[in-house]
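Every number here is computed from the coordinates shown, using simple stated rules; none is lab data. Quantities reported herein were computed from a predicted structural model and do not represent experimental measurements. So basically every Cβ, Gly included, is an ideal-geometry build from the backbone, and we count neighbours across all protein chains shown.
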Ligand code: ADP
């Protein structure tokens, strides 16, 4: 069974929920770089203070910071049975760095879960969420822009893993249980 995984998916695709379910099902740890950064910002650690400068502007944290954080995390004991990385790698440089970290441990990635969803459906979901959470500035235009940024930013990373035959594309629309089952099936394939 597959154990060293990445998950990639657009905003509104339910990626976070599915990541939690998959890691529980497989008994591997979930590593979300966004969550780690946010926790460090909250605790005002040196890493958090550094990362916040970029996050506040909506920029990526520099690779030097992000890469060493991930390297440290992957060196911890609980990762030995596997992991699901969420939000990393986001750039081709990060892909290469991760390759190096895993190679040094004699490990390989097993699969990249790519959650997909019809764009109009995502827009509908995100508009509904914005309404419930009272985010008035999340207009349809803003949401469509965010989705196109996502596509642009993930294209190279996804392409790199597609070339290696690692990408398992899964439709993220439908009941939560249904989507989880699709992902598990795709990992067994
Ligand atoms: P989003 O809000 O886009 O879903 P995340 O919650 O994954 O993003 O991450 C929040 C922020 O943390 C990002 O906007 C970015 O500043 C930083 N971050 C997370 N992962 C990475 C990464 N792999 N490389 C650089 N910066 C990252």
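Table for the structure above
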{"read-out": "Hits in the range 153-163 - residues which are surrounded by fewer than 11 Cβ atoms within 10 Å (Cβ to Cβ) and more than 15 Å from the chain's Cα centre (by Cα)", "value": "163"}
{"read-out": "Some residue of the range 12-35 being within 11 Å of the ligand (Cβ to nearest atom), free of Cβ contacts under 8 Å to residues at least 40 places away in the same chain, more than 19 Å from residue 170 (Cα to Cα) and surrounded by 15 or more Cβ atoms within 10 Å (Cβ to Cβ)", "value": "no"}
{"read-out": "Test: residue in the range 62-70 that is farther than 25 Å from residue 187 by Cβ, buried (at least 18 other Cβ atoms within 10 Å of the Cβ) and more than 7 Å from the ligand (Cβ to nearest atom)", "value": "yes"}
{"read-out": "Residues (surrounded by fewer than 16 Cβ atoms within 10 Å (Cβ to Cβ) and in a helix (DSSP H, G or I)) located in the range 36-49", "value": "38, 39, 42, 43, 46, 49"}
{"read-out": "Residue ID - nearest to residue 19 (Cα to Cα), chosen from residues in the range 74-91 that are more than 12 Å from the ligand (Cβ to nearest atom), in contact (Cβ under 8 Å) with a residue 40 or more places away in the chain and not in a strand (DSSP E or B)", "value": "82"}
{"read-out": "All positions within the range 50-60 that are surrounded by 10 or more Cβ atoms within 10 Å (Cβ to Cβ) and within 7 Å of the ligand (Cβ to nearest atom)", "value": "51, 54, 55, 60"}
{"read-out": "Condition check for residue 8: closer than 29 Å to residue 185 by Cα and surrounded by 18 or more Cβ atoms within 10 Å (Cβ to Cβ)", "value": "yes"}
{"read-out": "Residue within the range 46-68 that is at negative phi, free of Cβ contacts under 8 Å to residues at least 60 places away in the same chain and in contact with a strand residue (DSSP E or B) (Cβ under 8 Å, 6 or more places away or on another chain) present", "value": "no"}
{"read-out": "Residue in the range 174-188 that is within 15 Å of the ligand (Cβ to nearest atom), surrounded by 13 or more Cβ atoms within 10 Å (Cβ to Cβ) and touching a residue at least 40 places away in the same chain (Cβ under 8 Å) present", "value": "no"}
